[in-house]
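A.B. asks: Handing you this structure, nothing more for now.
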Amino acid sequence: MTSPHITGKPIKKIAIFGGTHGNELTGVFLVKHWLENDAEIQRTGLEVKPFITNPRAVKKCTRYIDCDLNRVCDLENLGKEMSEDLPYEVKRAQEINHLFGPKNSEDSYDIIFDLHNTTSNMGCTLILEDSRNDFLIQMYHYIKTSLAPLPCYVYLIEHPSLKYTTISSVAKYPVGIEVGPQPQGVLRADILDQMRKMIKHALDFIYQFNEGKEFPPCAIEVYKVVEKVDYPRNESGEITAVIHPNLQDQDWKPLHPGDPMFVTLDGKTILLGGDCTVYPVFVNEAAYYEKKEAFAKTTKLTLNAKSIRSSFH
């Protein structure tokens with residue numbers, strides 16, 4: 001007797017976004033290459049569209065022009081009337097929703113891969129928005145297994161009060177890819193290679209799924225966001241302490257109560273309180289200083305997926 005499995009429609013339309021943040025150059029570099037020569041991302045039966053998401057920010061090599069494109073893709077912004085006063089990125093989100101959405105509709109693209117770099121020491125990271133999505137859990141399991149022994153982490157951003165309105169959420173299956181550490185405005189061959197492999201394995205998985213391959217039940221370890229931690233600040237809002245050397249570059253590693261988090265210039269150490277071990281991510285991310293986020297605390301858990309097979313076969 002076969003295990004109960006989920007059948008899904010074959011995946012047809014895929015987009016690969018680069019330049020959502022214009023100074024995260026790996027995605028920009030890869031997408032520009034694939035716009036010229038897309039042989040390596042094509043698979044039989046799939047329509048794969050590479051796309052530069054924020055061309056003005058890419059041209060200026062800056063994260064964004066008016067506001068963060070990866071934070072404005074909610075229905076309120078997408079529904080605003082077009083006007084001169086709208087921030088550039090809100091207009092751009094509406095254009096992207098028109099091209100690849102509409103969000104939450106049957107007509108939207110099946111999958112959007114959104115390529116990002118982080119200045120944090122996070123290695124290969126997949127962003128998951130829905131812990132109940134068997135298809136994505138299976139895909140992430142496949143990518144992790146294919147990349148081994150190179151580690152690949154899964155960051156689960158489900159949270160009751162932290163609302164993520166990512167640009168990839170226009171698609172039925174949003175996939176965020178973060179690879180670091182890489183400074184803003186810089187390219188690194190090792191990071192390029194890792195991101196390229198993640199996309200290759202993802203497309204291979206989708207192709208095999210469409211061909212009727214059954215993927216048996218699987219489990220993956222994920223790191224679920226719990227809360228964001230700001231730097232210590234004075235009354236004027238200025239930072240008064242920096243990430244402690246023991247925490248710097250230690251993304252995904254356990255941080256225990258009593259471990260140092262920050263240190264001041266006069267050598268005072270600020271320790272993690274509470275009684276829970278957490279796993280820090282986006283430690284000292286350059287782009288998050290403006291968001292008042294020194295790192296995010298996560299908790300580690302296991303997600304299970306049923307077996308899946310395409311209903312096409």
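The values are calculated or read from the model by the stated rules, or taken from the named source; none is laboratory data. Worth saying up front: this structure is predicted, and the values here are computed from it rather than measured. Here the Cβ is made from the backbone with ideal geometry for all residues, glycine too, and neighbour counts use every protein chain on show. Areas reflect the complete protein model, heavy atoms only, side chains present, ligands, DNA and RNA absent. Shrake-Rupley method; radii C 1.70, N 1.55, O 1.52, S 1.80 Å.
A.B. asks: When you look at I206, is it within 18 Å of D68 (Cα to Cα) and surrounded by 22 or more Cβ atoms within 10 Å (Cβ to Cβ), yes or no? Lay out the reasoning, then the answer.
C.D. replies: Numbers: within 18 Å of D68 (Cα to Cα): no; surrounded by 22 or more Cβ atoms within 10 Å (Cβ to Cβ): yes.
It is false that I206 is within 18 Å of D68 (Cα to Cα) and surrounded by 22 or more Cβ atoms within 10 Å (Cβ to Cβ).
A.B. asks: Can you confirm whether I111 is at pLDDT 95 or above, in contact with a Cys (Cβ under 8 Å, 6 or more places away or on another chain), open to solvent by less than 10 Å² (accessible area, probe 1.4 Å) and farther than 11 Å from I167 by Cβ?
C.D. replies: Values: at pLDDT 95 or above: yes; in contact with a Cys (Cβ under 8 Å, 6 or more places away or on another chain): no; open to solvent by less than 10 Å² (accessible area, probe 1.4 Å): yes; farther than 11 Å from I167 by Cβ: yes.
Considered against the rule, which asks whether it is at pLDDT 95 or above, in contact with a Cys (Cβ under 8 Å, 6 or more places away or on another chain), open to solvent by less than 10 Å² (accessible area, probe 1.4 Å) and farther than 11 Å from I167 by Cβ, I111 comes out as no.
A.B. asks: To continue, here is another question. Among the residues of region 26-63, how many are farther than 30 Å from G212 by Cα and over 17 Å from the mean Cα position of the chain (by Cα)?
C.D. replies: Residues that pass the stated criteria total 12.
A.B. asks: Only one of (1) loosely packed, with under 14 Cβ neighbours inside 10 Å; (2) modelled with pLDDT of 95 or more; (3) outside any strand (DSSP E or B) fails for I199. Which number is that?
C.D. replies: Going through (1) loosely packed, with under 14 Cβ neighbours inside 10 Å; (2) modelled with pLDDT of 95 or more; (3) outside any strand (DSSP E or B) one by one, I199 breaks only (1).
A.B. asks: Would you mind stating whether F262 is among the aromatic types (F, W, Y) and either assigned by the TED database to the domain that holds G18 or within 21 Å of the chain's Cα centre (by Cα) (or both)? Quick ask: steps written out before the conclusion?
C.D. replies: Values: among the aromatic types (F, W, Y): yes; either assigned by the TED database to the domain that holds G18 or within 21 Å of the chain's Cα centre (by Cα) (or both): no.
Spelling it out, it is not the case that F262 is among the aromatic types (F, W, Y) and either assigned by the TED database to the domain that holds G18 or within 21 Å of the chain's Cα centre (by Cα) (or both).
A.B. asks: For the subset of region 202-219 comprising residues that are more than 30 Å from N284 (Cα to Cα) and in a helix (DSSP H, G or I), which member is nearest to the chain's Cα centre (by Cα)?
C.D. replies: Checking each candidate, the answer is L203.
A.B. asks: Then there's this: Just need a number here: residues in region 277-300 that are open to solvent by 20 Å² or more (accessible area, probe 1.4 Å), assigned to a strand (DSSP E or B) and either free of Cβ contacts under 8 Å to residues at least 60 places away in the same chain or over 18 Å from G123 (Cβ atoms) (or both).
C.D. replies: Total satisfying the criteria: 3.
A.B. asks: What number of residues within region 69-97 satisfy the criterion of being more than 19 Å from V31 (Cβ to Cβ), without any contact (Cβ under 8 Å) to a residue 24 or more places away in the chain and not aliphatic (A, V, I, L, M)?
C.D. replies: Summing the residues that are more than 19 Å from V31 (Cβ to Cβ), without any contact (Cβ under 8 Å) to a residue 24 or more places away in the chain and not aliphatic (A, V, I, L, M) in region 69-97 gives 10.
A.B. asks: Quick check on this structure: which one of V226, V222 is open to solvent by 50 Å² or more (accessible area, probe 1.4 Å), touching a strand residue (DSSP E or B) at 6+ places or on another chain (Cβ under 9 Å) and either part of a helix (DSSP H, G or I) or in contact (Cβ under 8 Å) with a residue 24 or more places away in the chain (or both)?
C.D. replies: Details: V222 fails: open to solvent by 50 Å² or more (accessible area, probe 1.4 Å).
Step by step, each of V226, V222 is checked, and only V226 is open to solvent by 50 Å² or more (accessible area, probe 1.4 Å), touching a strand residue (DSSP E or B) at 6+ places or on another chain (Cβ under 9 Å) and either part of a helix (DSSP H, G or I) or in contact (Cβ under 8 Å) with a residue 24 or more places away in the chain (or both).
A.B. asks: Among the candidates S120, S146, which residue alone is assigned to a helix (DSSP H, G or I), in contact with an Asp or Glu (Cβ under 8 Å, 6 or more places away or on another chain) and at pLDDT 95 or above?
C.D. replies: Numbers: S120 fails: assigned to a helix (DSSP H, G or I).
After ruling out the rest, the residue left standing is S146.
A.B. asks: Which of the numbered conditions does V226 fail, given that it passes all the others? Conditions: (1) touching a Cys at 6+ places or on another chain (Cβ under 9 Å); (2) of a type outside the set (G, A, S); (3) closer than 27 Å to L99 by Cα.
C.D. replies: The failed condition is (3).
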